[in-house]
Structure formats: C-alpha cells, structure tokens
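Below is one structure; the comments refer to it alone.
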Amino acid sequence: MEVLMQELRQVALNCLADCQLARKVASVTALYQSWQSGELQLDTEIELVAKQHIPGRPELPILVSPLEVGKRSMRTEEGRAGLIHALAHIEFNAINLALDAVWRFAGMPQQYYEDWLKVAAEEAYHFGLLNTQLQTMGYQYGDFTGHNSLWEMVERTQEDVLARMALVPRTMEARGLDASPALRNKFAQIGDVAMAGILDIILRDEIGHVAIGNTWFNWLCSQRKLEPIATYARLAEQYRAPTLRKPFNLEARRQAGFTEAELALL
C-alpha cells in the first residue's frame with residue numbers, strides 16, 4: 001500500500017500555528033530533519049490557506065508597545081535577564097517569520113523553501129540557547145514583556161514575496177547585524193563568556209539569514225525586471241519600514257550580500 005508523504009509547506013503552517021512553546025520549537029527542528037531525510041514532499045504551487053490563527057504564541061510574554069518595553073540595565077542580574085529575554089523574543093518571532101516565508105508564498109524555486117526551512121531550524125536553535133541561558137539565571141521565556149514589531153512587518157508584507165524579502169530579512173533582521181557587536185562587548189566586559197559565545201553563534205548564522213533575504217530579493221528583482229536599489233527605496237516607503245540608524249556593521253552587511261552601492265546609501 002502506498003504511504004502518502006506529508007507536504008512540507010503544510011507542515012510548516014501547522015508548526016507556525018502551534019501555541020505550545022516547547023512542542024513548537026521541537027517540531028521545527030524535527031521538520032528540518034524530516035526534510036533532509038527525504039520524508040516529506042514539496043508542492044511549490046499549491047495555494048495554502050491558514051485556517052488556524054497565526055502565529056501560534058504561548059500565553060506569555062505579554063505584548064506591549066515597543067516604547068513600553070523599556071531599557072534593561074547591564075548592572076543588575078534582572079536587567080541582564082531582561083536583555084537576554086528580549087533577544088529570545090526576537091528569535092522566537094524569527095522562527096515564525098521563517099515558517100511564514102515557507103508556507104505563504106507559492107511559485108518559488110525549491111531552493112527558496114529549503115533556505116527558509118533551514119533559517120527556521122537555526123532560529124529555533126538560537127531560541128533554545130537563549131532560553132537555557134535565562135533558566136540558568138532563574139528566569140524563563142515569558143517572564144518579561146515583549147513587543148510585536150517584527151511580526152507586524154510580516155503581516156504588512158503578506159501579499160508580496162518581494163516586499164517580504166526586502167523588508168523583513170534585509171531590513172528588520174539586518175538591524176540585528178548592526179546591534180550585535182556592541183551587545184556582545186557588553187557581555188564580554190562583565191565576564192559573561194557564555195552569552196558572548198551565544199551572540200557569536202547568532203551573528204554568524206544571522207549573516208547567512210540576511211544573505212538568503214538578499215539572494216531572493218535580487219532574484220525576484222531580476223525576474224520582474226526591477227532595479228534593486230530603487231525598488232527597495234519604493235518598498236521601504238510604501239510599507240513604512242523603520243528608518244535605519246547608525247552605527248552599521250558594514251563588514252557583516254558585506255558578508256550578507258549587500259553591495260557597495262547599497263552600503264554607500266546608509
């Protein structure tokens with residue numbers, strides 16, 4: 001009897017809708033391993049519809065305005081835990097955005113789906129590292145508030161994969177490349193070798209994630225016969241992308257595939 005294989009994009013949507021934190025993170029890792037093992041099929045053309053509420057989130061953290069989150073002081077243990085929690089919240093949202101990129105957009109090459117599935121698995125790994133670090137300090141994910149800015153941009157760009165590639169990986173996530181060195185130095189200066197090491201891993205992988213965004217943004221511009229720099233400027237204005245602010249991690253941005261012409265405009 002023929003056994004029907006599960007379809008990758010549908011399973012990614014199911015993972016995205018899962019509200020149970022530990023199960024969701026484990027499911028993303030298992031999904032990536034199942035794809036690598038040839039246990040799933042991929043239908044790039046099917047137009048899926050989310051029948052569940054997305055994204056699935058645990059009851060905590062409570063989401064507030066970015067202005068209400070407040071700054072966390074490195075001088076106290078609670079402040080450092082709050083900062084690590086903010087990073088874990090970014091990684092949790094990044095899991096969701098990668099899964100959304102997999103299921104939502106039909107008609108892309110197979111490599112596109114493989115790339116974003118890999119991103120989802122790496123974001124789940126990052127989340128696990130940060131949440132474990134929180135737990136060693138007596139805290140866990142959900143103990144502090146969070147905001148929803150990253151997912152709000154995902155929602156704004158849900159109708160166009162070009163806008164998604166332009167404004168989520170190569171805008172919102174690229175800001176993380178810029179912030180990472182100063183943050184790592186703060187932890188290193190107080191002797192927190194473990195957190196400095198985690199941030200090294202995250203920066204290394206996030207360069208790859210932004211590079212994936214650049215690859216598919218430029219591919220889509222080529223397919224649609226659009227000039228990338230002008231197209232990015234138009235999309236940033238149309239979708240109200242956040243204004244980029246110094247300092248910029250130019251070396252990391254180069255590694256992630258930004259051109260010198262693009263960097264000159266920062």
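Is it true that Gln158 is free of Cβ contacts under 8 Å to residues at least 12 places away in the same chain, over 14 Å from the mean Cα position of the chain (by Cα) and part of a loop (DSSP other than H, G, I, E, B)? It is false that Gln158 is free of Cβ contacts under 8 Å to residues at least 12 places away in the same chain, over 14 Å from the mean Cα position of the chain (by Cα) and part of a loop (DSSP other than H, G, I, E, B). Taken over region 60-70, residues that are among the hydrophobic types (A, V, I, L, M, F, W, C) and on the phi > 0 side of the Ramachandran plot amount to 0. The condition of being modelled with pLDDT of 95 or more, among the small types (Gly, Ala, Ser), over 22 Å from Leu31 (Cα atoms) and in the same structural domain as Trp35 (by TED's automatic domain parsing) holds for only one of Gly197, Gly128, Gly107, Gly142, that being Gly142.
Would region 13-30 turn up any residue that is in the same structural domain as Tyr139 (by TED's automatic domain parsing), of a type outside the set (S, T, N, Q), exposed (fewer than 12 other Cβ atoms within 10 Å of the Cβ) and touching a residue at least 24 places away in the same chain (Cβ under 8 Å)? No, region 13-30 contains no residue that is in the same structural domain as Tyr139 (by TED's automatic domain parsing), of a type outside the set (S, T, N, Q), exposed (fewer than 12 other Cβ atoms within 10 Å of the Cβ) and touching a residue at least 24 places away in the same chain (Cβ under 8 Å). Determine if region 71-89 includes at least one residue that is at pLDDT below 95, assigned to a loop (DSSP other than H, G, I, E, B) and at positive phi. Taking every residue of region 71-89 in turn, none turns out to be at pLDDT below 95, assigned to a loop (DSSP other than H, G, I, E, B) and at positive phi.
Results for (1) under 30 Å from Glu77 (Cα atoms); (2) part of a helix (DSSP H, G or I); (3) touching a Phe, Trp or Tyr at 6+ places or on another chain (Cβ under 7 Å), shown as yes or no for each residue.
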position: Leu99; (1), (2), (3): no, yes, no
position: Thr132; (1), (2), (3): yes, yes, no
position: Tyr139; (1), (2), (3): yes, no, no
position: Ala163; (1), (2), (3): no, yes, yes
position: Glu173; (1), (2), (3): yes, yes, no
position: Ala179; (1), (2), (3): yes, yes, no
position: Ala182; (1), (2), (3): yes, yes, no
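The values are calculated or read from the model by the stated rules, or taken from the named source; none is laboratory data. In this text the structure is predicted, and so the values were computed from the model without any measurement. Counting neighbours? That spans all protein chains shown, and the Cβs are built from the backbone with ideal geometry, glycine included.
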